[in-house]
1. Within the group ARG267, ARG297, ARG325, ARG331, which residue is basic (Lys, Arg), within 14 Å of PHE129 (Cβ to Cβ), at pLDDT below 95 and in the same structural domain as ASN205 (by TED's automatic domain parsing)?
2. Of the residues in the stretch 238-247, how many are surrounded by fewer than 17 Cβ atoms within 10 Å (Cβ to Cβ) and either out of contact with any Leu (no Cβ under 7 Å at 6 or more places or on another chain) or under 17 Å from GLY199 (Cα atoms) (or both)?
3. Can you tell me which of ASP241, ASP226 is of a type in the set (Asp, Glu), within 25 Å of ALA169 (Cβ to Cβ), modelled with pLDDT under 95 and assigned by TED's automatic domain parsing to the domain that holds ARG203?
4. Please go through (1) on the phi < 0 side of the Ramachandran plot; (2) surrounded by 14 or more Cβ atoms within 10 Å (Cβ to Cβ) for GLY78 and return the number of the only condition it doesn't satisfy.
5. Applying the selection to the stretch 217-236, what residues are small (Gly, Ala, Ser) and out of contact with any Pro (no Cβ under 9 Å at 6 or more places or on another chain)?
6. Can you tell me which residue among GLY115, GLY127, GLY167, GLY156 is touching a residue at least 24 places away in the same chain (Cβ under 8 Å) and under 18 Å from ALA219 (Cβ atoms)?
7. Which pairs turn up if I take residues in the stretch 196-220 that are closer than 19 Å to LEU248 by Cβ and without any contact (Cβ under 8 Å) to a residue 40 or more places away in the chain and look for partners that are of a type in the set (Asp, Glu) and not in a helix (DSSP H, G or I) with beta carbon separation below 8 Å, at least 6 apart in sequence or on another chain?
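The values are calculated or read from the model by the stated rules, or taken from the named source; none is laboratory data. It should be emphasised that the depicted structure is a prediction, and the values quoted were computed from it without experimental measurement. Neighbour counts are summed over all protein chains in view; Cβ atoms, including those assigned to glycine, are modelled from backbone coordinates with ideal geometry.
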Amino acid sequence: MHPFDPSQKDFHQSPLDDPRILSGPFWGELRVFLAVAKAKSFNRAAEELSMSQPTVSRQVRRLQDVIGSQLVIPTQSGIKLTPRGQELAESLLALDEKLFEISHDLQAESLEAGGMVRVSVTDGLAGMFVAPELVAFSERYPKIQVHLRNPTNLTGFRENQTDIMVGFAPSSQSDVESRRVGHMHFIPVATRAYIDRRGRPTRENLESHAFVDSAYYSAQTGIWRDWHAATARGTVVHRCDNSFGYALMVRSGLGIGLVANYVLSDRLSMPLDLGIHIRLPLHLLVESERLASRPVRIVYDWLAEVFGSENPWFAKDLRLEALPRDALASRTAALLGEDHEPSL
């Protein structure tokens, strides 16, 4: 016989029914701790939160006192998380992501085909393809706001806390949908000024040439093998991990760069025959449940058209002679603040 009467409500209520069960009055401290864990610095976290550094330090100490465990260790290079601090930070990140999803679901339910849709996309793709196409998109869907964001993680989806990501690999997570669209083509390029100064680079004379490199190309996966071999023969004079800044450094004539084919819309850029062509498939990533939101679905389908293989710049095969350079040249000139002169 069961010792308690199952019909008695007090014996089978959920934690939500018990007003005594609370996490304690330190929600604010948890938010401050998460900012410190992300920034790895009390000062940077204070700037992000618009608080003073002593206030941030005090709230983290209070949280440690409440929990009864040390969470952070100050070092000369910044803040280091203890194993307990790392565990707490990861739990808070999961909660933060869930709150992000809930807030967007509620917004989508209340605004029909309107609301904010966040899109993580690299600088170059955003500036050359997404932003210009937004004019026509906004005329058709005036209530949908698109928030373009730089991806903080190029290999992960959830880390970007975004609705849609334009990525370079499918997701392995079952609840994230991946749609393969077009392809990105990376080729070596130099400017006319560089060629006039150093001579035209060929497969035989790379030892006498300069290169601009990037951490984006450092992965030892075999994809970038030909580029690694070329830079090893020459001299790397500069590095840049910002896609737009990298293109500008190459355009300044500092050295040979490995850039996306759409950089050829700039009349100063010259493709080089160095036996290097790196093709990466583009994927649109979105959490499956988010596609139930009409604004997210609309933007998702629209981006599939923008980056589809029907666009010559993202076709599966690279055909330099078929690229509509003049059609894109005005966008390049606008980004550079120059007047566009069609090629003859």
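1. On the way: ARG267 fails: within 14 Å of PHE129 (Cβ to Cβ); ARG297 fails: within 14 Å of PHE129 (Cβ to Cβ); ARG325 fails: within 14 Å of PHE129 (Cβ to Cβ).
Step by step, each of ARG267, ARG297, ARG325, ARG331 is checked, and only ARG331 is basic (Lys, Arg), within 14 Å of PHE129 (Cβ to Cβ), at pLDDT below 95 and in the same structural domain as ASN205 (by TED's automatic domain parsing).
2. Step one: list which residues in the stretch 238-247 are surrounded by fewer than 17 Cβ atoms within 10 Å (Cβ to Cβ), which gives 238-239, 241-242, 244-245.
Cutting the leftovers down to either out of contact with any Leu (no Cβ under 7 Å at 6 or more places or on another chain) or under 17 Å from GLY199 (Cα atoms) (or both) gives us 239, 241-242, 244-245.
Qualifying residue count for the region: 5.
3. Details: ASP226 fails: modelled with pLDDT under 95.
Result: ASP241 is the single residue among ASP241, ASP226 that is of a type in the set (Asp, Glu), within 25 Å of ALA169 (Cβ to Cβ), modelled with pLDDT under 95 and assigned by TED's automatic domain parsing to the domain that holds ARG203.
4. (1)
5. First, the residues of the stretch 217-236 that are small (Gly, Ala, Ser): 218-219, 222, 229-230, 232, 234.
Within the stretch 217-236, SER218, ALA219, GLY222, ALA229, ALA232 qualify.
6. Working: GLY115 fails: under 18 Å from ALA219 (Cβ atoms); GLY127 fails: under 18 Å from ALA219 (Cβ atoms); GLY156 fails: touching a residue at least 24 places away in the same chain (Cβ under 8 Å).
The conditions single out GLY167.
7. Taking only residues 6 or more apart or on different chains, the pairs are ALA215/ASP241.
Here's the yes/no breakdown for (1) at pLDDT 90 or above; (2) exposed (fewer than 14 other Cβ atoms within 10 Å of the Cβ); (3) part of a loop (DSSP other than H, G, I, E, B); (4) among the aliphatic types (A, V, I, L, M):
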position: ALA230; (1), (2), (3), (4): yes, no, no, yes
position: LEU254; (1), (2), (3), (4): yes, no, yes, yes
position: GLY275; (1), (2), (3), (4): yes, yes, yes, no
position: LEU282; (1), (2), (3), (4): yes, no, no, yes
